[in-house]
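Comments concern the structure below.
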Number of protein chains: 2
Amino acid sequence: MKIQTKHSEVIFGADSWNALNAWVTTHDYSTIFVLADTNTQTHCLPVFKQHVTFKFAELHMPAGEEYKHITTCVSLWENLSELGADRKSLLINLGGGVVTDLGGFVACTFKRGIDFINIPTSLLAMVDASVGGKTGIDLGPLKNQVGVIEKPKMVLVDTNFLATLPENEYRSGYAEMLKHGLIQEPAYFDTLSSFLGKEDILPHIYHSVGVKAKVVSEDPYEHGLRKILNFGHTLGHAIESHFLVSPTKNRLLHGEAIAIGMVLEGFLSAELTGLPLDDAHRIKAVFGKIYPPVSFDDNTITEVISMLTHDKKNEHGNVLFVLLEKIGKPVWNQSVSNELIRKSFEFYAA
Amino acid sequence: MKIQTKHSEVIFGADSWNALNAWVTTHDYSTIFVLADTNTQTHCLPVFKQHVTFKFAELHMPAGEEYKHITTCVSLWENLSELGADRKSLLINLGGGVVTDLGGFVACTFKRGIDFINIPTSLLAMVDASVGGKTGIDLGPLKNQVGVIEKPKMVLVDTNFLATLPENEYRSGYAEMLKHGLIQEPAYFDTLSSFLGKEDILPHIYHSVGVKAKVVSEDPYEHGLRKILNFGHTLGHAIESHFLVSPTKNRLLHGEAIAIGMVLEGFLSAELTGLPLDDAHRIKAVFGKIYPPVSFDDNTITEVISMLTHDKKNEHGNVLFVLLEKIGKPVWNQSVSNELIRKSFEFYAA
């Protein structure tokens, strides 16, 4: 199983290991490095070792969004230098979105760019980070503020890695899949709204990757259509950033934050772009069944709104939203007043 | 006057300011930033201000190769964030190669890439960094170890900036021009060997940019031909890096280091690839007339050789050189023994 576009090549299932071994055999790499974090080193690297037929050196980073930071890149650039990496080296990133985003950035910038391959091990990274060539790191509280767009040579999706993925991480990835339904296919949203388990998820990952690949191949540089992938992300990112920097709050996973963002932006869609209010309620009900509720006091809402102006989707200082005209039909570049944003939090809390 | 290829657009002389103002007028930038270092802020920014018709915000960095470092990038990314830069912002880099290389890297990676324009103010940056889209920073002592390849939207060359350029900086840039003669045009090398002054240099800058643009457009990603631009740079970079980290030695300017590199690699060419020994002596004489001599003790030579293995032009752990079959006819991917490298230093010192 394979999804190939000009900008992505994602290979699914057991075949993917053969494809990886074949790729390495036919490319004359001087050295191969595998980047894992403290989680994937324990849970995924042993699986990786069983499948690959080539030698490699290991690189490590601590697990967690808080390490998606330039200092981690500096360590890895230095590790690569010390281990004699050159322009013909290959970097394989084995992990969730933090590892694939950061590892991709390290590869794209080391000696002005070496080949890299991503093996996403979380559901989120499989359905989201696997396509589109976005690499990046956070800058303080600002998510993905620094990065480049560059396609990995190959992306491998093996759902066996999901067996050791914590439940909340699974739900986090699931939010992006629900998003694919909301922005493109009402029937897909219906299918996913019963919350499918890991044992049934492979064909849907394939479907989600297909949705994203199609959108990205039509607009790789996010001049227009690709923006629809940001549904739920304008407020979702701001919420995620706020919880990341707050000294007193537990952080939210990316999908948990954008799940809230989709409920909020569903309400905004009902207010501004004609989404039937019933559908906004239905979106709220589906997410409410899967994701734990989060409470927002007035101060938090104010801080989330102030975070918005730093979202990198902004242009000309305006905060622009993707909203829905109906389920499956998004519109982008929508302005929203702060007043209405506050009301959306009331809708979420009600 | 203009040199345009798929990968570069360089505009020369007074016209260039009109072109810049026109570019800004026809592009709907949200904000424009100008990056200068402590030198160009004093000497070049006032000139810049006289010519431009648009508003901009200033960004600053300290002057010097030692600030071509990731911490400077982090400051600038943070400055851009604080000042509300978004994806539709423009960054104009006003300075020597450190400013254009580092500023280019900052622009290419900020929010996954914003537009940038380079205004090189040193001779070196005019003839070298102006073409080819290399951006980058150093990693400790390893020069340009981190970066990307991305073309600026425009490069402006106004030789009026040379008036305030120190003499040693002028000589540094001149070394790259001599290199263009050595790798492509014997007659051009002859013309330059009398060491032309600032007042006569404009047409030769144009000529040099043309030589480089032609090479780069034939091989933008340095798979083959573009490597010839590294003549003198394999040993030159290692020497430059060594002097940069040495606590007791004064640093060498880039061109001063590659001038030595060209003399050394001229000797290696005579030993290995058929350059007449007379020509190796002639190269030595021309550079000896323009550049101050540098002495190398045995320890220094050993350390320079150990630096070589980190040069990013390496592939598969081999240190590869560009050598000359004759003046104007280079060959690349040449291996050289450490023994012969030591002998080249004896040739240089003799």
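The values are calculated or read from the model by the stated rules, or taken from the named source; none is laboratory data. Please read these numbers as outputs of a predicted model, since none were measured by experiment. Note that each Cβ is placed from the backbone with ideal geometry, even for glycine, and that neighbours are counted across all protein chains shown.
Odds and ends about this structure:
- Verdict on B:VAL127 being under 21 Å from the mean Cα position of the chain (by Cα), more than 10 Å from chain A (Cβ to nearest Cβ) and surrounded by 24 or more Cβ atoms within 10 Å (Cβ to Cβ): yes
- Taken over the stretch A:308-350, the residue count meeting the criterion of being hydrophobic (A, V, I, L, M, F, W, C), out of contact with any strand residue (DSSP E or B) (no Cβ under 7 Å at 6 or more places or on another chain), at pLDDT 95 or above and surrounded by fewer than 21 Cβ atoms within 10 Å (Cβ to Cβ) is 3.
- Candidates B:GLU65, B:GLU78: the one that is buried (at least 16 other Cβ atoms within 10 Å of the Cβ) and acidic (Asp, Glu) is B:GLU65.
- Residue count for the stretch B:81-100, restricted to those that are out of contact with any Asp or Glu (no Cβ under 9 Å at 6 or more places or on another chain) and buried (at least 24 other Cβ atoms within 10 Å of the Cβ): 3
Each row is one residue, and each column tells you yes or no for (1) at pLDDT 95 or above; (2) within 14 Å of chain A (Cβ to nearest Cβ).
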position	(1), (2)
B:CYS44	yes, no
B:LYS49	yes, no
B:PHE54	yes, no
B:ASN79	yes, yes
B:GLY84	no, yes
B:ARG87	no, yes
B:GLY113	yes, yes
B:PRO120	yes, no
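- Any hit, the stretch B:180-190, residues being over 24 Å from B:ARG226 (Cβ atoms) and not assigned by TED's automatic domain parsing to the domain that holds B:GLY64: yes
- Applying the criterion of being at negative phi and at pLDDT below 90 to the residues of the stretch A:220-232, the residue that is surrounded by the fewest Cβ atoms within 10 Å (Cβ to Cβ) is A:HIS223.
- Candidates A:ALA280, A:ALA270, A:ALA285, filtered to the one that is at pLDDT 95 or above, exposed (fewer than 14 other Cβ atoms within 10 Å of the Cβ), over 27 Å from A:SER8 (Cα atoms) and small (Gly, Ala, Ser): A:ALA285
- Failed condition for A:ALA163, given (1) of a type outside the set (D, E, K, R); (2) touching a strand residue (DSSP E or B) at 6+ places or on another chain (Cβ under 7 Å); (3) surrounded by fewer than 24 Cβ atoms within 10 Å (Cβ to Cβ); (4) over 30 Å from A:HIS242 (Cα atoms): (2)
- Taking the stretch A:194-272 and the helices (runs of 4 or more DSSP H) fully enclosed by it, the elements with 3 or more residues that are over 15 Å from the mean Cα position of the chain (by Cα) and farther than 27 Å from A:PRO141 by Cα are at A:202-218, A:254-272.
- Once the stretch B:131-150 is narrowed to residues that are charged (D, E, K, R), closer than 26 Å to B:THR5 by Cβ and more than 7 Å from every other protein chain (Cβ to nearest Cβ), the residue that is surrounded by the fewest Cβ atoms within 10 Å (Cβ to Cβ) is B:GLU150.
- Qualifying residue in the stretch B:197-205 (condition: under 17 Å from B:ILE290 (Cα atoms) and touching a helix residue (DSSP H, G or I) at 6+ places or on another chain (Cβ under 6 Å)): yes
- For A:LEU162, the conditions (1) out of contact with any helix residue (DSSP H, G or I) (no Cβ under 6 Å at 6 or more places or on another chain); (2) away from chain B (no Cβ under 14 Å) are fulfilled apart from (1).
- The stretch A:273-298, residues that are among the β-branched types (Val, Ile, Thr) and not in a helix (DSSP H, G or I): A:THR273, A:VAL294
- Of the residues B:ILE305, B:ILE301, the single one that is at pLDDT 95 or above, assigned to a helix (DSSP H, G or I) and either at positive phi or out of contact with any Pro (no Cβ under 7 Å at 6 or more places or on another chain) (or both) is B:ILE301.
- A:THR5 surrounded by fewer than 19 Cβ atoms within 10 Å (Cβ to Cβ), modelled with pLDDT under 95, touching a helix residue (DSSP H, G or I) at 6+ places or on another chain (Cβ under 6 Å) and among the hydroxyl-bearing types (Ser, Thr, Tyr): yes
- Pairs where the first residue, in the stretch B:195-218, is on the phi > 0 side of the Ramachandran plot and the second is of a type in the set (Ser, Thr, Tyr), C-beta under 9 Å, 6+ apart: B:PHE195/B:TYR174
- From B:GLU271, B:GLU256, residue being touching an Asp or Glu at 6+ places or on another chain (Cβ under 9 Å) and acidic (Asp, Glu): B:GLU256
- In the stretch A:107-160, the residues that are part of a loop (DSSP other than H, G, I, E, B) and hydrophobic (A, V, I, L, M, F, W, C): A:ILE114, A:VAL131, A:VAL148
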